[in-house]
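> Input: one structure, supplied below.
The values are calculated or read from the model by the stated rules, or taken from the named source; none is laboratory data. Because the structure is a prediction, the values reported are computed rather than measured. Don't worry about glycine lacking a Cβ; one is built from the backbone with ideal geometry, like all the others, and counts go over all protein chains shown. Just so you know, the surface numbers come from the protein's heavy atoms only, side chains and all, with ligands and any DNA or RNA stripped out. Shrake-Rupley method; radii C 1.70, N 1.55, O 1.52, S 1.80 Å.
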Amino acid sequence: MGVCPDLVLTNVTLPGGRVADITLQDGRVTHAGSAPGGIPAIDCSGMLVLPGAIDMHVHMRGGVQSAKEDWTSGTKSALAGGVTVVIDQPNTIPPLTDPSNFFNRVSDARDHSYCHFGINSGVTDQTPIQQMWKAGALAFGETFFAPSSYGDAITEPALSGALVKIQELGALATIHAEEVLSGSDPTLVTHNALRSARDEMLAVQRVLACNKVNCRLHFCHLSSVQAIDTARGSIEVTPHHLFLSFDKLKPTDAYGKVNPPLRSEQERKNLWTRWNRIDVIASDHAPHTCAEKQAPFEQAPSGIPGVETMIPLLMAEVLKKRISLTDIMMKTSHNPAEILGIRPAGFTPGDRADFAIFPTVPISITTDRLHSKCGWTPYEGMDAVFPENVILAGNIVFESGEYHRGTCEWMNGAGYVPR
Ligand code: DOR
Ligand code: ZN
Ligand code: ZN
């Protein structure tokens, strides 16, 4: 440790209401109390300060999919939304199901990321699970229990076998649980019917039945009350299932096509009744280009971007007093850190010094202020509160729209063995 703190956040209102100065040094919080003068400082009076969020479900694309997104654009988008750690999903092209693809992915992220990152391993019956763990995979999945854009479904015997190996390592398995009926799919209404809430619940049941060894499970993007009430393990819900419904969109609007599908307005409201059971809010940031989304509905890829708008939409709910600031901290920072085994960000000495500092006035979301390469958002016109400053490892990396590339850490899993 150097002798001089790097930065002080002054007049921070802590979750309990106490106001303190938070001293940051070498990427950690070193003191919460009053700080001496003479250190670079950000005055947080009248602002809302959150520990940096971990978005534990993003698809950063890159490689041949760089027209949709790449590590630079995706992580700039993350920072502008108060997210300081992104967890990349393995359904890339090529998929992350062998160590060599995994190492290439890590090196692409190291070279281009503007925030901390973790990378998950794919799971197929061919994947060398132990080698992927040693390569530094943070978790295993999302494993597709139903086919989705760029994700082939795994069979039940293969999932059972993989869960045995993942459990032996003490690792986490993250699951995309859906069942898909066949049929023509020309609208958001049919999309919801072919991948129904009831079938999502049945898929959760079947996944639980495959888990004979009590492997630690995390259910990604559950979209219905039935599925949440059936699931065991940790539960993730996306902003799009909390804030959007298919009946508010034009039926052929493929921008709203996503898996699991947007549900009815009534089901969307019901989802909020399970707020206290939701462990994690994660975006499932799945950017596709406007050209791809303008294809006829049936051909258009599924997926909605959201890494930049997730915390801002939730912050607007805080201002409306519908949820608390503590809820956001738990579901987007504390719980994902605990589930993934990442050092938490926060206000206590030793915590990771990642923060986002928000004003208390909402603005309207417009695509032109967002940073994802995909160039569209389904949240146009909705209220949101974007951070003014973002701190990564104790340094200012985003300041009124300007970026400074900071020290980005690769959050490797507990099994990592350096080569
Ligand atoms: O809508 C989705 N898009 N669901 C997924 O599970 C995959 C994702 C993607 O990668 O585009
Ligand atoms: Zn998924
Ligand atoms: Zn996903």
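> Over all distinct alpha-carbon pairs, what is the Kirkwood Rh of the stretch 60-176 in angstrom?
14.5
> Ignoring ligands, DNA and RNA, what accessible area per residue does the stretch 119-203 give at 1.4 Å, in Å²?
For the stretch 119-203, the solvent-accessible area averages 37 Å² per residue.
> Cα centroids of the stretch 65-102 and the stretch 243-286: how far apart, whole angstrom?
After rounding, the separation between the Cα centres reads 22 Å.
> Regarding the stretch 1-101, what is the average projected area of its C-alpha convex hull, in nm²?
9.2
> Another one. When N counts the residues of the stretch 305-369, how does its alpha-carbon radius of gyration compare numerically with 2.2 N^0.38 Å, as a ratio?
Computed over Cα atoms of the stretch 305-369, the ratio equals 1.24.
> How much of the accessible area of the stretch 92-217, in percent, comes from carbon and sulfur atoms when a 1.4 Å probe is used?
Percent of accessible area from carbon and sulfur atoms in the stretch 92-217: 52.
> Additional query: Counting only protein heavy atoms and using a 1.4 Å probe, what share of the accessible area of the stretch 276-416 belongs to carbon plus sulfur, as a whole percent?
49
> Would you please calculate the Kirkwood hydrodynamic radius of the stretch 272-419 over all C-alpha pairs and express it in Å, rounded to one decimal?
On the way: mean 1/r = 0.0574 Å⁻¹.
Answer for the stretch 272-419: a Kirkwood hydrodynamic radius of 17.4 Å.
> If you line up the long axis of helix 71-80 against the longest principal axis of the chain, both from Cα atoms, how many degrees apart are they, to the nearest 10?
60
> In addition: How big is the Rg/Rh ratio for the chain, C-alpha atoms only, Rh by Kirkwood, two decimals?
A ratio of 0.96.
> What is the projected area of the convex hull of the Cα atoms of the stretch 275-319, averaged over all directions, in nm²?
Details: hull surface 17.6 nm².
Answer in nm², one decimal: 4.4.
> Taking a probe of 1.4 Å, how large is the accessible area per residue of the stretch 209-254, in Å²?
Dividing the accessible area of the stretch 209-254 by its residue count gives 37 Å².
> Order these peptides, 377-390, 306-319, 79-92, 203-216, by their mean beta-carbon neighbour count within 10 angstrom, highest first.
My ranking of the peptides, most packed first, is 79-92, 306-319, 377-390, 203-216.
> On to the next question. Within the set LYS76/LYS331; LYS68/LYS212; LYS257/LYS320; LYS68/LYS321, which residue pairs have Cα atoms separated by over 30 Å?
Long pairs (Cα-Cα over 30 Å): LYS68/LYS212; LYS68/LYS321.
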